[in-house]
Amino acid sequence: HRLILTFLFIIILFGRPAVYGQRITDSLRNELKKGHVDTVQVKLLLAFSENQMFSNSDSALHYANKALALANSIGNTAGSIVAINKVGRSYWSKGNLKDGLRYFLQSLKMAEQAQLPEFIALNQSSIGLIFSGSGLYTKAIDYYKNALPYYLQKNNYERIAVLYNNTGKGFLNMNQTDSAEYYFLLSDSVKRLHNINLPITSFNLADLYF
């Protein structure tokens with residue numbers, strides 16, 4: 001197990017931005033101090049799944065399923081919820097919106113039953129992506145707005161900027177340019193104020209204006 005954990009840990013740290021890697025490092029260090037080796041392995045598998053999400057969705061799905069199996073075996077409810085979300089994200093990244101939605105809804109239901117607001121918000125924003133990809137922009141915006149209060153409460157500025165951007169994109173797709181501009185500018189303001197790397201907002205503003 002130690003060799004596998006070390007191997008995955010190195011790949012994740014060198015395959016993701018420094019801030020993301022540090023966030024994972026701190027979380028895993030805390031779990032290791034508690035002696036939760038299996039929990040650490042679940043988190044590593046989840047992080048590796050996310051790392052592969054847009055370069056190799058089949059690999060992302062593979063690691064998400066491995067994380068899910070391990071989380072289920074040790075009764076790690078939070079790990080199972082996130083793993084199911086990662087399975088859904090893997091299908092979404094492959095363009096399989098139907099299966100993506102099915103797993104997001106399953107993960108959302110579990111998060112609601114466990115009363116875990118972090119993962120409720122995670123799945124609400126994920127479901128918004130499905131509806132956006134399906135051309136159901138009003139429903140997508142509703143889900144983005146439902147997810148937003150949690151991230152505002154937690155000062156998670158990266159997620160706030162992303163949700164503002166996604167909401168603006170929904171309005172742009174409906175040719176509601178005033179609302180699109182409003183949310184794109186909110187996203188741009190948050191990312192500049194907090195030094196967030198989110199170039200898509202600039203691209204969307206350019207698309208809006210030109």
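The values are calculated or read from the model by the stated rules, or taken from the named source; none is laboratory data. Fair warning: this is a prediction, and the values are worked out from it, not measured in the lab. Cβ atoms come from the backbone with ideal geometry, glycine included; neighbour counts cover every protein chain shown. Note: areas computed on protein heavy atoms with side chains; ligands, DNA, RNA excluded. Shrake-Rupley method; radii C 1.70, N 1.55, O 1.52, S 1.80 Å.
Binning the alpha carbon pair distances of region 126-210 at 10 angstrom intervals from zero yields the distribution 21, 52, 26, 1, expressed in whole percent.
Near I200, once Lys and Arg are set to +1 and Asp and Glu to -1 for all other residues with Cβ below 11 Å from its Cβ, the sum equals 0.
Projected over every direction and averaged, the convex hull enclosing the alpha-carbon atoms of region 63-210 yields 9.0 nm². Taking Lys and Arg as +1 and Asp and Glu as -1, the other residues whose beta-carbon sits under 14 Å from that of A180 total -3. For region 155-161, putting each phi into the Karplus relation 6.51 cos²θ - 1.76 cosθ + 1.60 with θ = phi - 60° gives couplings of 6, 8, 5, 5, 5, 4, 4 Hz, in residue order, rounded to whole numbers and with x for Gly and Pro. Over all orientations, region 68-129 has a Cα convex hull whose mean projected area works out to 3.7 square nanometres. Whole-Hz Karplus values for region 101-107 come out as 5, 4, 6, 4, 5, 5, 5 Hz, taken residue by residue from phi with 6.51 cos²θ - 1.76 cosθ + 1.60 and θ = phi - 60°; glycine and proline positions read x. Ligands, DNA and RNA excluded, the heavy atoms of L97 present near 50 Å² of accessible surface to a 1.4 Å solvent probe.
Annotation for region 124-181: trypsin sites (Lys or Arg not before Pro) lying in DSSP loop with at most 16 further Cβ atoms inside 10 Å of their Cβ are K154.
3J(HN,Hα) couplings calculated from phi for region 178-189 with the Karplus curve 6.51 cos²θ - 1.76 cosθ + 1.60 (θ = phi - 60°) are, in sequence order, 5, 5, 4, 4, 4, 6, 4, 5, 4, 4, 5, 5 Hz; Gly and Pro show x.
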